[in-house]
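Please read the structure below before turning to the comments.
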Amino acid sequence: MSSTEQADVNGAPCAKRSKLRPNPPDQESTFANLRKVKDWLQRFHLSEQTLRDVSARLHKDLIRGLGKHSHHNAPVKMLPTFVRATPDGTEKGDYLALDLGGTNFRVLHVRVVEDEQRVLKMDSKICAIPQEIMLGPGEKLFDHIAACLSEFLESLGLKDQTLPLGFTFSFPCEQIEIDKSILIRWTKGFNCSGVEGQNVVALLREAIRRRGDYDIGSVAMVNDTVGTMMSCGYRDRSCEIGMIVGTGTNACYMEEMKNVKRVEGEDGRMCINTEWGGFGDDGSLRDIQTEFDVEVDRKSLNPGVHTFEKMISGMYLGEVARLVLIKLAQENMLFGGKISDALRTPEKFETRYISEIEKDDTGLSRAQEILSELGLPAGPEDCEIVRLVCATLSTRSAQLCAAALATIANRIRTNRKLDHLRTTVGVDGTVYRKHPKFSQRLHDVVRILAPKCDIRFLVSEDGSGKGSAMVTAVAQRLAAQSHLLEESDGEEDSEEDEEEEEEEEA
Ligand code: GLC
């Protein structure tokens, strides 16, 4: 796996080399540095055997998370979503969608068109969430969201309508019902007080009630992975996995009901939000964590939480890289041993730099620019070394993600007792979308670790926005179907019974 990496990291034609500063006088020793750094970076290398082993560990944890009694202490939460069906193409109507969990908060007005089998984005608005709100009291966060939605509805003249709302809330939630979802804990950059353990839909409704200037209809809560799977499901009916590699990382998939021990019922399937970011929180990944991963975790908002995510996702990759660059400079292998104030500043080496630096054509000259902005004396070999660091970390990230995805694909195949599985993964997230080599590296490793699975990757068209509307639409369709059955039965079924009658579609 790493042989191709080495080739494109070091063997890529360097078109812009002439723009770079000339080599420092002691070029010999700088080349020696590159060789030394290569050896030093071996600590981030994951062999095929290690990746297989990681996959086997994750598989055990998936089962623990699904179990009635083992769930409580399981690091991978395997949360039932109560989404039992993917779109069937008969969904329609106007919806509002909220999307909270990435870098911004968005509100959308979307239309699901039955005949064209499409979700149309009518309008949308992005609202910044200032850091003091991300870290302040929960009430302020929901007031901010409700205010943003109010402005949006006002600008569209929709305030007097009561539209159903899909709420993509990209944090681990214990879903009690489609509109009752308890936040287990904050992840990524959020840490608002008074929200963990609470029903997020109720907090949203209360904030809207406090304002009193508009109302919303039924609400469906959705994780971004589920939104992504659902929005891709509209285009490709065999989409049964949703994966995000962005600010955070996570995946969901359709699991057999008989294995979902915490939910009653044996028939059909249910979408499970794995929350695979929490893999390793019980120490099971200690052997592959480096001192830099440990340091990033220690300094994060939530130490000990989401270990796997911190080795993979965009919120942390740049920070791991920054710590590695400092260490290499301290060991006299980089920047002539110099460390600038900027490089010492947390978060200063942004994850997007990794994507830029790894571009074949412009990467090295971009490295030069970035390093000079960071006040670092960087010659061509320094740029090569920085690029090698970036490639090493993003490769490890892609390989870990691939090991996790292969675990899920292999599980679906064995669940269904198939010799060969054809399936589609709906994908979203800045790291997957923007990094020039991430997706290819991920696909290559998945192919090796899940050889009996034929996997199509479909990048979602705005899964978080459209997908949550799609879930609301499917929920409404199923509610309408249950209603019809109920009416024609003339019996008073409990809500649980209604759910059991929902039709399953793979
Ligand atoms: C974090 C959240 C998870 C989300 C993922 C991607 O891991 O806990 O719910 O799906 O980020 O946004």
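The values are calculated or read from the model by the stated rules, or taken from the named source; none is laboratory data. Predicted model, so just to flag it, every value in this text is computed and none were measured. Cβ coordinates were reconstructed from backbone atoms using ideal geometry, including for glycine residues, and neighbour counts include every protein chain displayed.
If I ask for residues that are aliphatic (A, V, I, L, M) and over 18 Å from Gly314 (Cβ atoms), which ones from segment 369-385 would you list?
Of everything in segment 369-385, those that are aliphatic (A, V, I, L, M) and over 18 Å from Gly314 (Cβ atoms) turn out to be Leu371, Leu374, Leu376, Ala378, Ile385.
Is it the case that segment 75-86 has a residue that's farther than 17 Å from Met229 by Cα, more than 16 Å from the ligand (Cβ to nearest atom) and crowded, with 23+ Cβ neighbours inside 10 Å?
no
Going by the structure shown, is Val113 free of Cβ contacts under 8 Å to residues at least 60 places away in the same chain, under 30 Å from Lys466 (Cβ atoms) and in contact with a strand residue (DSSP E or B) (Cβ under 8 Å, 6 or more places away or on another chain)?
So Val113 fits the description; yes.
Given the conditions (1) over 21 Å from Arg269 (Cα atoms); (2) at pLDDT 75 or above; (3) more than 23 Å from the chain's Cα centre (by Cα), which single one is not true for Val110?
(3)
Suppose we filter segment 170-199 for residues that are within 12 Å of the ligand (Cβ to nearest atom) and without any contact (Cβ under 8 Å) to a residue 40 or more places away in the chain; how many remain?
Matching residues across segment 170-199 total 1.
Restricting the search to segment 275-291, which residues are away from the ligand (no atom under 12 Å from the Cβ) and among the small types (Gly, Ala, Ser)?
The answer is Gly280, Gly283, Ser284.
I want to confirm something. Restricting to segment 275-301 and keeping residues that are in contact with a Phe, Trp or Tyr (Cβ under 7 Å, 6 or more places away or on another chain) and assigned to a loop (DSSP other than H, G, I, E, B), which single residue is farthest from Val222 (Cα to Cα)?
Among those that are in contact with a Phe, Trp or Tyr (Cβ under 7 Å, 6 or more places away or on another chain) and assigned to a loop (DSSP other than H, G, I, E, B), it is Thr290.
Which condition from (1) within 16 Å of the ligand (Cβ to nearest atom); (2) of a type in the set (D, E, K, R); (3) in contact with a Lys or Arg (Cβ under 8 Å, 6 or more places away or on another chain) is the one that Arg262 breaks?
Just one mismatch for Arg262, condition (1).
Could you identify the single residue in Tyr234, Tyr214 that is assigned to a helix (DSSP H, G or I), more than 27 Å from Met315 (Cα to Cα) and either of a type in the set (Gly, Ala, Ser) or more than 16 Å from the ligand (Cβ to nearest atom) (or both)? I'd like the intermediate steps shown before the answer.
Working: Tyr214 fails: assigned to a helix (DSSP H, G or I).
Being assigned to a helix (DSSP H, G or I), more than 27 Å from Met315 (Cα to Cα) and either of a type in the set (Gly, Ala, Ser) or more than 16 Å from the ligand (Cβ to nearest atom) (or both) holds for just one of Tyr234, Tyr214, which is Tyr234.
Looking only at segment 318-350, count how many residues are in contact with a Lys or Arg (Cβ under 9 Å, 6 or more places away or on another chain) and under 12 Å from Ser394 (Cβ atoms).
Looking only at that region, the number is 2.
Residues being within 13 Å of the ligand (Cβ to nearest atom) and in a loop (DSSP other than H, G, I, E, B): count how many of those fall in segment 265-274.
Total satisfying the criteria: 1.
Picking from Phe142, Phe167, Phe171, which residue would you name as being in a strand (DSSP E or B) and among the hydrophobic types (A, V, I, L, M, F, W, C)? Break it down into steps so the answer makes sense when it comes.
Numbers: Phe142 fails: in a strand (DSSP E or B); Phe171 fails: in a strand (DSSP E or B).
Exactly one of Phe142, Phe167, Phe171 is in a strand (DSSP E or B) and among the hydrophobic types (A, V, I, L, M, F, W, C), namely Phe167.
So if I check each of Leu158, Leu165, Leu203, which one is buried (at least 24 other Cβ atoms within 10 Å of the Cβ), over 30 Å from Asn410 (Cβ atoms) and more than 9 Å from the ligand (Cβ to nearest atom)?
Leu165
Here are some conditions: (1) modelled with pLDDT under 95; (2) crowded, with 24+ Cβ neighbours inside 10 Å. Cys252 meets all but one. Which one does it not meet?
Of the numbered conditions (1) modelled with pLDDT under 95; (2) crowded, with 24+ Cβ neighbours inside 10 Å, the odd one out for Cys252 is (1).
Which one of these is among the polar types (S, T, N, Q) and in contact with a Gly (Cβ under 7 Å, 6 or more places away or on another chain): Thr362, Thr430?
Thr430
Scanning for something within 25 Å of the chain's Cα centre (by Cα), crowded, with 16+ Cβ neighbours inside 10 Å and under 23 Å from Ile178 (Cβ atoms), does segment 51-58 turn up at least one residue?
No, that holds for no residue.
Considering only residues of segment 292-319 that are buried (at least 24 other Cβ atoms within 10 Å of the Cβ), within 13 Å of the ligand (Cβ to nearest atom) and among the hydrophobic types (A, V, I, L, M, F, W, C), which is farthest from Ser355 (Cα to Cα)?
Applying the filter and picking the extreme gives Phe308.
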